[in-house]
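The values are calculated or read from the model by the stated rules, or taken from the named source; none is laboratory data. These figures come from a predicted structure and were not determined experimentally. Glycine also receives a Cβ, built like all others from the backbone with ideal geometry; neighbour counts cover every protein chain displayed. Remember, those area values only see protein heavy atoms, side chains included, never the ligands or the DNA or RNA. Shrake-Rupley method; radii C 1.70, N 1.55, O 1.52, S 1.80 Å.
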Amino acid sequence: MFLSNGSISKPGEVTAAVKTAIDCGYRHLDCARAYQNEDEVGAGIKAKVDDGTIKREDLFVTSKLWCTHHHPDDVERACKQTLDSLGLEYLDLFLIHWPMAYKRGDVLFPKDADGNWQFDDTPQVETWKAMEKLVEKGLCKDIGLSNSNKKQVQDILDACKIKPATLQIELHPLLIQEDMVQFCKENGVTVTAYSPLGSPDRPWIKDDDPRLMEDPTVVEIAKKKGKSPAQILIRFALDRGNICIPKSVTPSRIQANFETLNFKLTSQEMEQLKGLNKDYRGCALEWIAHPHHPFFPI
Ligand SMILES: NC(=O)c1ccc[n+]([C@@H]2O[C@H](COP(=O)([O-])OP(=O)(O)OC[C@H]3O[C@@H](n4cnc5c(N)ncnc54)[C@H](OP(=O)(O)O)[C@@H]3O)[C@@H](O)[C@H]2O)c1
């Protein structure tokens, strides 16, 4: 199952959330170096292995290579740093977080003295070849992509020895990405839906941005089925055949979000929800003018 960790939680909150989630039955943890909390996730995993609730091999732990580590010479070191923070010997899945390389180094968001972003020109295909070596070395069981557009996924499919296991993308009723989901299915790449609840706590949300969990159609379907809007949105992702990684640090929500396995949406409800599509992205990173920006190439 799934739980993931956002980047803006208070100290201690993520360790507690991981422990609660594992106790509830979640087994899939979605992490990333960029969330700056992998040590907290690791502490939660360790506590639950130490108290006998789970064994390491019961978990499916994903992490992501950050944009400053795309150079092939940096990939293994970055993976090992993540493993150190998580206290693990291997990852189940390691993704390239974004198809955009930033200036090499340990500053997550490198800018020059004038505040301009600093980039690197490593093509994602070169990074992918270094990712494949991690699988050969046993540092991760599988590898995948995140936030790549169709052409960027195709470039990897054309050049790879190991096919991406998954493409992790923003996916919810306001951004249903039918073409992309279909393309992945045709190519044997699973799709992982991030921000399935509409990411209401993203730091850059604006007052007039849509609030998916408050959408009247979502609320109406939730009332009719005796479920919460969040449960309807999680079920929406699952009923499309996708993997879903909602985030919560609130114990009651972690529990409720897990209780989505015992009902299904009707085809009419699915169509109603798909009808909300506006190709709306909450996580567009439109302020990054990178030549390989997946959504706004310059
Ligand atoms: N690959 C990428 O570039 C990328 C980008 C964004 C996200 N992700 C991954 O996807 C995960 C989820 O995305 P996200 O955090 O952007 O958004 P999300 O899961 O759509 O929304 C999380 C927000 O919803 C709230 N929430 C959770 N369950 C709820 C419930 N039952 N009722 C009401 N509110 C609820 C959470 O609050 P509380 O926590 O306060 O309970 C939090 O504010 C991330 O943690 C990350 O692992 C990946």
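Key figures
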{"read-out": "Residues whose placed amide H lies under 5 Å from that of Leu175, excluding near-sequence neighbours", "value": "Lys278, Tyr280"}
{"read-out": "Longest exposed-site-free window of the chain, the sites being GluC sites (Glu not before Pro) in a DSSP loop that have at most 14 other C-beta atoms within 10 Å", "value": "90-258"}
{"read-out": "Segment 2-274: relative contact order in percent, alpha carbon pairs under 8 Å with at least 6 residues between", "value": "17 percent"}
{"read-out": "Residue-span extension gain [Glu132 to Glu57] - 0.36 nm each, minus C-alpha spacing", "value": "24.9 nm"}
{"read-out": "Under-5 Å amide H pairs with Tyr194, H placed in peptide plane, nonlocal only", "value": "Ile169, Glu170, Leu171"}
{"read-out": "Förster radius 25 Å - calculated FRET efficiency between Tyr280 and Ala113 (Cβ-Cβ, nearest 0.05)", "value": "0.10"}
{"read-out": "P(r) weight above 34 Å for segment 2-274, C-alpha pairs, percent", "value": "19 percent"}
{"read-out": "Antiparallel %, DSSP beta bridges [both residues in the chain], to 5", "value": "10 percent"}
{"read-out": "Selected from Thr192, Thr127, Thr53 as most flexible by GNM, with the chain as the system and alpha-carbon contacts under 10 Å", "value": "Thr53"}
{"read-out": "Cα gyration tensor shape for segment 57-181, rounded if a/c is under 1.5, else prolate or oblate", "value": "rounded"}
{"read-out": "Cβ-based charge dipole, the chain, positive-most Cα from Leu212, Tyr35, His292", "value": "Leu212"}
{"read-out": "Listed residue (Thr166, Gly87, Thr53) projecting farthest to the positive dipole end of the chain, Cβ model", "value": "Thr53"}
{"read-out": "Loop trypsin sites (Lys or Arg not before Pro), segment 191-224, which have at most 16 other Cβ atoms in a 10 Å radius of their Cβ (DSSP)", "value": "Lys206, Arg211"}
{"read-out": "Reach of Lys163 by Cα under 20 Å, taken over lysines that are not fewer than 8 positions away in the same chain", "value": "Lys64, Lys129, Lys133, Lys137, Lys141, Lys150, Lys151, Lys185"}
{"read-out": "Solvent-accessible area per residue for segment 100-241 (1.4 angstrom probe, square angstrom)", "value": "46 Å²"}
{"read-out": "Contact order normalised by residue count of segment 131-179, Cα under 8 Å, 6+ apart, percent", "value": "36 percent"}
{"read-out": "Accessible-area composition of segment 2-274, carbon plus sulfur, in percent [1.4 Å probe]", "value": "50 percent"}
{"read-out": "Cα centroid of segment 173-229 to Cα centroid of segment 254-289, whole Å", "value": "2 Å"}
{"read-out": "Straight-distance crosslink candidates among aspartates and glutamates, where the alpha carbon sits under 14 Å from Lys103 and sequence neighbours closer than 8 are dropped", "value": "Asp73, Asp74, Asp112, Asp120, Asp121"}
